[in-house]
Amino acid sequence: MRVAVGLALLGMAAAPAPTDLTVNGIGPVRLGMTVQQVERATGNRLVMSDPEDPSCAEGSPAKPGRQDMVYLFEHRRLARITVWEVKGQTLAPIRIGGIGVGGREADIRRRFPSARIRPHVYSGPNAHYVDIRMGNGRGFRFETLNGRVTVLHAGLYPSLEYVEGCL
């Protein structure tokens, strides 16, 4: 408390607390929600990649805020949440098990010993998918490059393993 007060007195803001991305969702957003439910939970309209396709579409926040997040819907239900770094964004960092964008691949392996590491399909030999199955058809995927996390995913299988949006 004293640090926050001291920073406020100096005209500086304390860094926002991290937000956890879990196998159930993030904050009030839960896997299985409809587009409308996610919009109500976030207070932000989603711009959908293909609003007419009931099989699969991605939604991004319409107004400024969490521009680092995309929601993937299958059969009109939230199936995956993806997070990456947006340069200059000052929102609370999002983490899975304490590991966020910029975190180390070695830390993922320590935190999740059952992690399965596979080559990334596009980014070369120093890039990986690090998959963690958590049971009940849910899990996490970290994308890494040169030993550092670049993208986080949480969601349902098989959506969690798609490499290009709905593919």
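The values are calculated or read from the model by the stated rules, or taken from the named source; none is laboratory data. If you're wondering where the values come from, they're calculated on a predicted model, not measured in any experiment. A quick note on method: Cβ atoms are made from the backbone with ideal geometry, for glycine too, and the neighbour counts reach across all protein chains shown.
A Cβ distance below 8 Å, combined with a sequence gap of six or more or placement on separate chains, defines the contacts here; from the stretch 44-55, residues that are without any contact (Cβ under 8 Å) to a residue 60 or more places away in the chain reach residues that are exposed (fewer than 14 other Cβ atoms within 10 Å of the Cβ) and in a loop (DSSP other than H, G, I, E, B) in the pairs 44/62; 44/63; 44/65; 45/62; 45/63; 46/62; 47/62; 54/75. May I ask you to verify whether residue 143 is free of Cβ contacts under 8 Å to residues at least 40 places away in the same chain and part of a strand (DSSP E or B)? Taking the combined requirement at face value, the residue satisfies it. In the stretch 89-105, the residue that is nearest to residue 69 (Cα to Cα) out of those that are over 14 Å from the mean Cα position of the chain (by Cα) and in a loop (DSSP other than H, G, I, E, B) is 89. Considering only residues in the stretch 134-167 that are of a type in the set (D, E, K, R) and out of contact with any helix residue (DSSP H, G or I) (no Cβ under 9 Å at 6 or more places or on another chain), the one that is surrounded by the fewest Cβ atoms within 10 Å (Cβ to Cβ) turns out to be 164.
Does residue 62 satisfy the criteria of being modelled with pLDDT under 95, over 25 Å from residue 164 (Cβ atoms), surrounded by fewer than 18 Cβ atoms within 10 Å (Cβ to Cβ) and among the small types (Gly, Ala, Ser)? When the stated conditions are applied, residue 62 does not pass them. Could you check, for the stretch 106-127, whether at least one of its residues is more than 19 Å from residue 45 (Cβ to Cβ), assigned to a strand (DSSP E or B) and under 17 Å from the mean Cα position of the chain (by Cα)? Within the stretch 106-127, none of the residues are more than 19 Å from residue 45 (Cβ to Cβ), assigned to a strand (DSSP E or B) and under 17 Å from the mean Cα position of the chain (by Cα). If I filter the stretch 35-45 for residues that are buried (at least 17 other Cβ atoms within 10 Å of the Cβ), assigned to a loop (DSSP other than H, G, I, E, B) and modelled with pLDDT under 95, do I get at least one hit? Yes: the stretch 35-45 contains one or more residues that are buried (at least 17 other Cβ atoms within 10 Å of the Cβ), assigned to a loop (DSSP other than H, G, I, E, B) and modelled with pLDDT under 95.
Within the set of pairs 6 or more residues apart or between chains, which connect a residue that is under 16 Å from residue 20 (Cα atoms) inside the stretch 65-88 to a residue that is crowded, with 22+ Cβ neighbours inside 10 Å and among the charged types (D, E, K, R) with Cβ atoms less than 7 Å apart? Qualifying pairs under 7 Å: none.
Based on this model, can you work out whether residue 80 counts as under 16 Å from residue 164 (Cβ atoms) and in contact with a helix residue (DSSP H, G or I) (Cβ under 6 Å, 6 or more places away or on another chain)? In short, yes. Restricting attention to the stretch 114-167, which residues are charged (D, E, K, R) and out of contact with any strand residue (DSSP E or B) (no Cβ under 9 Å at 6 or more places or on another chain)? Listed by number, the list holds a single entry, 164.
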